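Read the structure below first, then the notes.
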Amino acid sequence: MSLIVQKFGGSSVADPEKVRRVAGIIAETYRAGNDVVVVLSAQGKTTDRLIATAKEYNPRPSKREMDMLLSTGEQQSVALCAMMLESMGIPAISLTGWQVDFKTNSNYSNAAIKSVGQERIRRELDARRVVLVTGFQGINKYDDITTLGRGGSDTSAVAIAAALHADLCQIYTDVDGVYTADPNKVRGAKKLDEITFDEMLELASMGAKVLHNRSVEMAKRYNVDLEVLSSYEKKPGTKVRRISKVEQAEVSGVAKDVNVARITVIGMEDKPGIAFGIFSTLAKEKINVDIILQTLGHGGAQSITFTVARGDGERACEILEQHIDELGFSGLDMDTHVAKVSIVGAGMLTTSGIAAKMFDALASRKINIKMISTSEIKVSVLVDEDDADKAVQAVHDKFFGD
Ligand code: ADP
Ligand code: ASP
Ligand code: MG
């Protein structure tokens, strides 16, 4: 007998028929004698709809009230699925974040997990019930409801699996595993039998939303046995592991992220402390900066270009404007029509020329690169948003084409 955590995403539980199918998977696992903890997302587009509804009441709602509202989506899912399981003769109980003592910090709308209680879940498992827990939500020290950020139910599932020392954490979704690129958008994307935590973390962080990046980080930290598989077809998915058993390909995947804005700070003196001034000012306001490029223009004036999440772009400019005198720049320029295209692969550690191969693919399609950044197992380029899909396809064809 094993303890298995199964997470089902929003599209997998969108309507009664889909919930019935999901309940079938859960029932089969339970009837095989396993302890089963299920984590569910809100049904279909419920979270998007709740966000739109909130805006009808207040264009800038507080994050606390948003979390209160959005958490209801997951609550509906677990209750309805528990009802479905009961109708099939499977004892089941649904629980919210606070009922399982899912503690987070108070960063509303993007809360970090502090601890997950085991007591209640264990008690229900001991009574041979399937335990259904709301994804995406927890409670903070004020007993307020918090949420973990969009796509956060994956992270809830991995956190529960880690806390309970589960034997396996299965992430069921609308594709049958992790692919070399988004299989719904890229021709010729290939399914991976397995991928390392490090590669998956980079891919997820670079825009492959099949797993929430923090879920991968947590799975790596607690060595959770993680698998991505289909809610619709019974077949093996993709195993996410510490070390890959198959020989490393030079590149494991290509990802695209349109949640990017590029900001250029123009006309600063070329002297020590300039970069520190800009980035410490942004850090104080909790704005994360990604790619950074510094250039020296004619006459010794320098400019610094960097990227931030698109939603932070306006605020980053406002904050810099407020400090224009001490930072000493002459102008700001923001471009929100950009996208980041990345290749990820542990094979880069041992193979040379991978970045050049990527640039070749882009050049042959006449795609202009605006910025480049590299890490040990990743190369990212910033391109015009209109070129992004073409860029992903070209790069994917180059590395994975037959
Ligand atoms: P869920 O609702 O189950 O959490 P998501 O929509 O969050 O599902 O994630 C699944 C989607 O991720 C797929 O439908 C697919 O379009 C997208 N995706 C992006 N990149 C990849 C990739 N490399 N492999 C698989 N799916 C990917
Ligand atoms: N329902 C939340 C969202 O849509 C969390 C999740 O699905 O993982 O982002
Ligand atoms: Mg998801």
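Every test in (1) surrounded by 21 or more Cβ atoms within 10 Å (Cβ to Cβ); (2) within 14 Å of ligand 2 (Cβ to nearest atom) is passed by ILE4 save one, and that test is (2). Within the range 255-270, the set of residues being at pLDDT 90 or above and either out of contact with any Phe, Trp or Tyr (no Cβ under 7 Å at 6 or more places or on another chain) or not in a strand (DSSP E or B) (or both) comprises ALA255, LYS256, ASP257, VAL258, ASN259, VAL260, ALA261, ARG262, THR264.
There is no residue in the range 250-260 that is more than 30 Å from ASP333 (Cα to Cα), within 16 Å of ligand 2 (Cβ to nearest atom) and of a type in the set (A, V, I, L, M). Taking the listed residues LYS256, LYS209, LYS220, LYS271, the one that is more than 16 Å from the chain's Cα centre (by Cα) and basic (Lys, Arg) is LYS271, with no other qualifying.
Output the residues belonging to the range 205-226 that are without any contact (Cβ under 8 Å) to a residue 60 or more places away in the chain, farther than 20 Å from GLN137 by Cα and within 15 Å of ligand 3 (Cβ to nearest atom). Passing the criteria: SER205, ALA208.
Residue-wise test of (1) surrounded by fewer than 16 Cβ atoms within 10 Å (Cβ to Cβ); (2) at pLDDT below 95.
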{"position": "LEU349", "(1), (2)": "yes, yes"}
{"position": "GLY353", "(1), (2)": "yes, yes"}
{"position": "ASP360", "(1), (2)": "yes, no"}
{"position": "ALA363", "(1), (2)": "yes, no"}
{"position": "LEU382", "(1), (2)": "no, no"}
{"position": "ALA388", "(1), (2)": "no, no"}
{"position": "ALA391", "(1), (2)": "no, no"}
{"position": "ALA394", "(1), (2)": "no, no"}
{"position": "ASP402", "(1), (2)": "yes, yes"}
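For the condition modelled with pLDDT of 95 or more and surrounded by fewer than 24 Cβ atoms within 10 Å (Cβ to Cβ), ILE90 qualifies.
Determine whether the range 275-286 contains at least one residue that is surrounded by fewer than 16 Cβ atoms within 10 Å (Cβ to Cβ) and within 20 Å of the chain's Cα centre (by Cα).
Quick first cut of the range 275-286, residues surrounded by fewer than 16 Cβ atoms within 10 Å (Cβ to Cβ) only: 275-276, 279-280, 283-286.
Narrowing the set further to residues that are within 20 Å of the chain's Cα centre (by Cα) leaves 286.
Checking the range 275-286: at least one residue is surrounded by fewer than 16 Cβ atoms within 10 Å (Cβ to Cβ) and within 20 Å of the chain's Cα centre (by Cα).
This table checks each residue for (1) under 25 Å from SER373 (Cβ atoms); (2) buried (at least 20 other Cβ atoms within 10 Å of the Cβ).
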site	(1), (2)
ALA181	yes, yes
SER215	yes, yes
SER230	no, no
THR238	no, yes
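Closer than 24 Å to ALA32 by Cβ, within 21 Å of the chain's Cα centre (by Cα) and either buried (at least 18 other Cβ atoms within 10 Å of the Cβ) or at pLDDT below 95 (or both): is that true of THR147 in this structure? No, not satisfied.
Per-residue answers, yes or no, for (1) within 16 Å of ligand 1 (Cβ to nearest atom); (2) of a type in the set (A, V, I, L, M); (3) within 30 Å of ASP397 (Cα to Cα); (4) not in a strand (DSSP E or B):
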{"residue": "THR146", "(1), (2), (3), (4)": "no, no, no, no"}
{"residue": "GLY151", "(1), (2), (3), (4)": "yes, no, yes, yes"}
{"residue": "ILE160", "(1), (2), (3), (4)": "yes, yes, no, yes"}
{"residue": "HIS165", "(1), (2), (3), (4)": "no, no, no, yes"}
{"residue": "TYR172", "(1), (2), (3), (4)": "yes, no, yes, no"}
{"residue": "ASP176", "(1), (2), (3), (4)": "yes, no, yes, yes"}
{"residue": "ALA181", "(1), (2), (3), (4)": "yes, yes, yes, yes"}
{"residue": "ASN184", "(1), (2), (3), (4)": "yes, no, yes, yes"}
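Report whether or not GLY138 is within 16 Å of ligand 1 (Cβ to nearest atom) and not hydrophobic (A, V, I, L, M, F, W, C). Here the answer is no, as GLY138 does not meet what is asked.
The values are calculated or read from the model by the stated rules, or taken from the named source; none is laboratory data. Because the structure is predicted, anything quoted here is derived from the model rather than measured. Don't worry about glycine lacking a Cβ; one is built from the backbone with ideal geometry, like all the others, and counts go over all protein chains shown.
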